[in-house]
1. Can you tell me how much longer the chain between B:Arg99 and B:Leu17 gets when fully stretched, taken as 0.36 nm per residue apart minus their C-alpha distance, in nm with one decimal?
2. Under 20 Å from a point 7 Å along the Cα-to-Cβ line of B:Gln56: which residues of the range B:219-248 have their amide N that close?
3. Give a quick list of trypsin sites (Lys or Arg not before Pro) in the range A:156-248 that DSSP marks as loop, anything other than H, G, I, E or B, with at most 13 other Cβ atoms within 10 Å.
4. Just to verify a number: FRET efficiency for A:Leu189 and A:Asp25, C-beta to C-beta distance, R0 = 25 Å, to 0.05?
5. Lysines near B:Lys96 by alpha-carbon distance under 20 Å, same-chain residues fewer than 8 away left out - which ones?
6. In deg cm²/dmol and to the nearest 500, what is the mean residue ellipticity at 222 nm of chain A if only DSSP H runs of at least 4 residues count, each as -39500 (n - 2.57), divided by the residue total?
7. For label points placed 7 Å from Cα toward Cβ, what is the shortest-first list of nm distances from A:Asp25 to its copies?
8. Quote the total accessible area buried by chains A and B together, excluding ligands, DNA and RNA, probe 1.4 Å, nearest 100 Å².
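The values are calculated or read from the model by the stated rules, or taken from the named source; none is laboratory data. Fair warning: this is a prediction, and the values are worked out from it, not measured in the lab. Backbone-built Cβ (ideal geometry, glycine too); neighbour counts: all protein chains shown. Side chains are part of the model used for accessible areas, which takes the heavy atoms of the whole protein and leaves out ligands, DNA and RNA. Shrake-Rupley method; radii C 1.70, N 1.55, O 1.52, S 1.80 Å.
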There are 2 protein chains.
Amino acid sequence: MHRHITIPPDHPRAGSLQTRELLVDGFRRGLVAAEGLIAHGRGEAYDYLIGEKTTQQAQRAIKAAAALLLLSRRPVISVNGNVAALCPKEMVELAKATRAAIEVNLFYRTGQRELAIKEELQRHGAKHVLGIGMKASARIPELQSERRRVDPEGIFVADTVFVPLEDGDRTEALARMGKKIITVDLNPLSRTAKAAHITIVDNIVRTMPYFVKSALSLRESKSLKKIYQGFDNSRNLHESLRIIKEGV
Amino acid sequence: MHRHITIPPDHPRAGSLQTRELLVDGFRRGLVAAEGLIAHGRGEAYDYLIGEKTTQQAQRAIKAAAALLLLSRRPVISVNGNVAALCPKEMVELAKATRAAIEVNLFYRTGQRELAIKEELQRHGAKHVLGIGMKASARIPELQSERRRVDPEGIFVADTVFVPLEDGDRTEALARMGKKIITVDLNPLSRTAKAAHITIVDNIVRTMPYFVKSALSLRESKSLKKIYQGFDNSRNLHESLRIIKEGV
């Protein structure tokens, strides 16, 4: 049953409500898990506290992330249900801009949801999508059962993985495998935020267009290394936390 | 498809994860709306910041709320999908302890969900449940369409309404109708928190057993008025906010 609620454009929370509708719609289309809706709510709360804007810290993190993806030999972009529902187009654009592979990577894995996400990405121009079905046969050490499956041609052999909106256990396990991790997480205190090398503390809906633009404009840059190495994630997290604190 | 994930009891977030499962289960049983899952996630974020404990402020608010319900002539307890999924037993116990009526009151109203919630409450001992079907024919002024329907024998004529986990528009509209409002809301900055006369800034799963116990122990009390009048909600919100601020 699809219920349509019209959000007046001058509603004080219009942006947040539109994003919420996008996610609920993704849920009804089989992209998003029930737990993904709850996770989105947590993000909404932190976004409210951070002022629902992309901070200067986040902008710096995005640029460093774009530089790192461009510097990497085997970058992989990991897409879950919430990401597919909120910004499928920008994920494909980022993959093209940085020559990264795209892999579907689900915490609550079902064949149906995997396929729905793959099709959504293809609808937005993805040519090749990793991590589907039997192909996701490699294992992340330490993690249990379905949660640890990754594609042997994708995340398993990647040097850098972009895992936005990711679970703490998995982010930590990937970091211990020696991969460079980029994430988007609105909670600077989360285990994912702390385990990543670059944490973009921002709403992914705002992040992605800026991320694609940064990647495109940095493609010919000679200072990629400088941009990446000049970025300090603990300082970034510290500053982002300070902004949230002021928001309360 | 019901997926069972076993949460180790020593997991640092076991309490929060068990509550989450309760809600997802309620969603699968047709009690909870998709938007209710997102709202729960927002609550999780604030609960994390408040330290996942019932503060002294919240305890005081609960006692004042119990006193107010016992002082009221026509108290009504409003139950939505999340409340029915998380603490149906305690809602019925509170209604009995305070001789309050119970009314099903949904933001996303469907006949099916109304009935599922009614049956859940009856399974936990509720004798009479208001607000179902054609009976919910009175209107809250100012609100649109289905959202403003209330039972002419319940919320419409109530002097005090307990509306835990309620939407801001509706709480404000009920307050403007002259009703005394008690709510449970983990965000002390929300419109609901500000519009209510007593805001319990706490996780409803922790609040309810304490609320029932307080109501039972205050039943014969002669100082109900004193307890209620001695409570200052703006101070309560201010103090709760301070605790959250320290948690960040």
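1. Values: separation 82, 0.36 × 82 = 29.52 nm, distance 3.32 nm.
So the chain would gain 26.2 nm between B:Arg99 and B:Leu17.
2. Backbone N within reach: B:227-248.
3. Those that pass, being in a loop and sparsely packed, are A:Arg219, A:Lys222.
4. Efficiency for this residue pair is about 0.25.
5. B:Lys96 reaches B:Lys63, B:Lys118, B:Lys127, B:Lys180, B:Lys213, B:Lys222.
6. Working: 11 runs with 128 residues, N = 248.
Rounded to the nearest 500, it is -16000 deg cm²/dmol.
7. Ordered by distance, the counterparts are at 3.4 nm.
8. Rounded to the nearest hundred, the buried surface is 2600 Å².
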